[in-house]
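Scroll down for the structure; my scribbles are underneath it.
Where a number appears in this text, it was derived from the coordinates with a stated rule and is not lab data. Treat the numbers as computed from the prediction; the structure is a model and nothing was measured. Note that we place each Cβ from the backbone using ideal geometry, even for glycine, and neighbour counts take in every protein chain shown.
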Amino acid sequence: MQFILGHWGEFIPFYLDRLDEALPARLTRLDCTFREHLRHNVFITSSGMFSPAQLRYSVDTVGADRILYSADFPLIGNEGAAAFPTEAERSEEDRAKIAHGNAEELLGLS
């Protein structure tokens, strides 16, 4: 089963070190760390938060294969929405995955 979390994973990726420390396998009885479960079972979206720093951190933490581009309209305007995935400081392959490729694969659209 796959899950999608908005707003850069609701900031869970920023707490992975703490979660892995607080929830070791001996307590959770899981076969891997919280971080590993997140990397295999969760996609995160930008949700209209067009921050290059958060994108870099998220790619470093969960990988470009787990990030879905999204806006947050009508809650937040779409200014910068079109430019963000195409101008991100990532490889062309990563930009394509984030902009549309990951969503197409996850949703069976490719």
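Please identify every one of the trypsin sites (Lys or Arg not before Pro) in the stretch 25-65 that sits in a loop by DSSP and has no more than 16 other beta carbons within 10 Å of its own beta carbon.
In loop regions of the stretch 25-65 (DSSP not H, G, I, E or B), the sparsely surrounded trypsin sites (Lys or Arg not before Pro) are Arg29.
Determine, for Val62, Val42, the number of other Cβ atoms within 10 Å of each Cβ, and report the residues in order from fewest to most.
Val42, Val62
Give me the extension gain from Ile4 to Ala22: residue separation times 0.36 nm, minus the current Cα-Cα distance, reported in nm with one decimal.
The Ile4-Ala22 span can extend by a further 4.2 nm.
What is the sum of charges, Lys and Arg at +1 and Asp and Glu at -1, for the other residues whose Cβ falls under 15 Å from the Cβ of Asp17?
So the environment of Asp17 carries a net charge of -1.
Listing Asp60, Asp72 from the residue with the fewest other Cβ atoms within 10 Å to the one with the most, what is the order?
Neighbour counts put them in this order, fewest first: Asp60, Asp72.
Using only alpha carbon pairs under 8 Å that are at least six residues apart, calculate the relative contact order of the stretch 3-106 and give it in whole percent.
26 percent
For the stretch 39-110, go through all pairs of different Cα atoms, get the mean of 1/r, take its inverse, and jot down that Kirkwood value in Å.
The answer is 12.3 Å.
Using only Cα atoms, tell me the angle between helix 52-62 and the longest principal axis of the chain; keep it within 0 to 90° and round to the nearest 10.
In the chain, helix 52-62 runs at an angle near 40 degrees to the longest axis.
Sort Ser91, Ser58 by Cβ crowding within 10 Å, fewest neighbours at the top.
Fewest to most other Cβ atoms nearby, the residues stand as Ser91, Ser58.
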